[in-house]
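The values are calculated or read from the model by the stated rules, or taken from the named source; none is laboratory data. The structure presented is a predicted model; accordingly, all values stated were derived computationally and were not measured. When we count neighbours, we look across all protein chains shown, and the Cβ atoms used for this are built from the backbone with ideal geometry, even at glycine.
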Amino acid sequence: MTVKAKCVRSMKQSETPHTLSVTVDSEGLVNSGRCSCVAGVGGHCNHVFALLYSIDHTLKLKQDSFPRSKTCTDKPAEWIKCRTDDIRSDPVKTLTLQLKL
């Protein structure tokens, strides 16, 4: 069985995704792996490992397709939200700074 996938680049999302393929025999042993990244020519890169992990995880959960897991960048930023309601924001022009020397 050959599984083909694409891996979106985390730092350069505007560039084309990496193309991956993994060949697994009927006993689950990996015959070959390949990735279009520099390290993936021999099939030994983190993208191939991530694909193998996803295959294993999906099979263990007995699912038909890969689950879409949300990453931290898919969620709204937590640091923007105020922790309490009594904090208010003021325009920068109204603030007064006093330096103590």
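Per-structure values
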{"quantity": "Restricting segment 26-63 to residues that are assigned to a helix (DSSP H, G or I) and in contact with a His (Cβ under 9 Å, 6 or more places away or on another chain), the residue that is modelled with the highest pLDDT", "calculated": "47"}
{"quantity": "Answer residue from segment 1-16, given it is farther than 15 Å from residue 66 by Cβ and not hydroxyl-bearing (Ser, Thr, Tyr) and is surrounded by the most Cβ atoms within 10 Å (Cβ to Cβ) among those", "calculated": "9"}
